[in-house]
Amino acid sequence: MLDQGFFDRYPEQLIHFNSSPYTYRALKQQSQQIAAFLIDQALSGVRLGIVMGRNQQCFSTIFAALSVGCPVLLLDPSYPSSRIQQMLDLAKIDILLSDEETSVEGLGSFKNIVLSSSVIEKFSPLSGQIQTNPSQAAFIYFTSGTTLIPKAVEISHEFLHQYLSALQKKIPLTPLDKCCHSASFSFVSSLRF
């Protein structure tokens, strides 16, 4: 359900992560390499937690996970490890993915896979895409918890597509536009990336 056509429509368009420029072509290639890694590790469709800094690899990992049908819980690396552990447990996350710069201590025996550049570079970009059911979970977010107990809420691929389409109609961005995303990835407004 994830439409990756924007990668191909503007392959040389520059995007910036913390002042580092990348093209959509580079983002797509890394995303497809990570997707190939996820399939190789038999993680297609597995509920993934992603805790990474705000960089190209984080966005590539999100696109890769969605393209192989993995529901994704985005975690803010600045959260205390006890909060991250609680979110992983409540969302029933199977595997945690992190990058080389982000480490989360105190998660007990929870399986954490560090996606290093050397691991990613071993894989050829995945061609094609796994078909996902539109009603399948794409993202997992937490409510603010009016009962003081946060609740994990799943957002389907179909809802995500409808939401982003409606947002594009309200705010018709073009390749020439620039925007800033400063909210934590763990906050529901991050769906607007």
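The values are calculated or read from the model by the stated rules, or taken from the named source; none is laboratory data. Values in this document were obtained by computation on a predicted structure and should not be read as measured data. No Cβ is skipped: glycine too gets one built from the backbone with ideal geometry, and neighbour counts run over all protein chains shown. Side chains are part of the model used for accessible areas, which takes the heavy atoms of the whole protein and leaves out ligands, DNA and RNA. Shrake-Rupley method; radii C 1.70, N 1.55, O 1.52, S 1.80 Å.
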What's the number of the only condition in (1) in contact with a strand residue (DSSP E or B) (Cβ under 6 Å, 6 or more places away or on another chain); (2) at pLDDT 85 or above; (3) within 17 Å of Cys58 (Cβ to Cβ) that Phe185 fails to meet? (2)
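Go through the residues of region 141-162 one by one and say whether even a single one is aromatic (Phe, Trp, Tyr), modelled with pLDDT under 70 and outside any helix (DSSP H, G or I). It would help to see each step written out before you state the result.
Kept after step one, since they are aromatic (Phe, Trp, Tyr), are these residues of region 141-162: 141-142, 159.
Keeping just the survivors that are modelled with pLDDT under 70 gives none.
No, the conditions are met nowhere in region 141-162.
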Can you name every residue in region 11-41 that is modelled with pLDDT under 90 and surrounded by fewer than 13 Cβ atoms within 10 Å (Cβ to Cβ)? Glu12, Leu14, His16, Asn18, Ser19, Ser20, Pro21
Exactly one condition in (1) modelled with pLDDT of 85 or more; (2) surrounded by 15 or more Cβ atoms within 10 Å (Cβ to Cβ); (3) closer than 27 Å to Ala26 by Cα is not met by Ser116; state its number. (2)
Mind listing just one residue for me: the one in region 57-70 that is open to solvent by 10 Å² or more (accessible area, probe 1.4 Å) and of a type in the set (A, V, I, L, M, F, W, C) and, of those, nearest to Leu107 (Cα to Cα)? Phe59
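One line per residue, one yes/no per condition, for (1) surrounded by 12 or more Cβ atoms within 10 Å (Cβ to Cβ); (2) at pLDDT 90 or above; (3) of a type outside the set (A, V, I, L, M):
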position	(1), (2), (3)
Val72	yes, yes, no
Tyr79	yes, no, yes
Gln85	yes, no, yes
Ile93	yes, yes, no
Leu97	yes, yes, no
Gly108	no, no, yes
Ser124	no, yes, yes
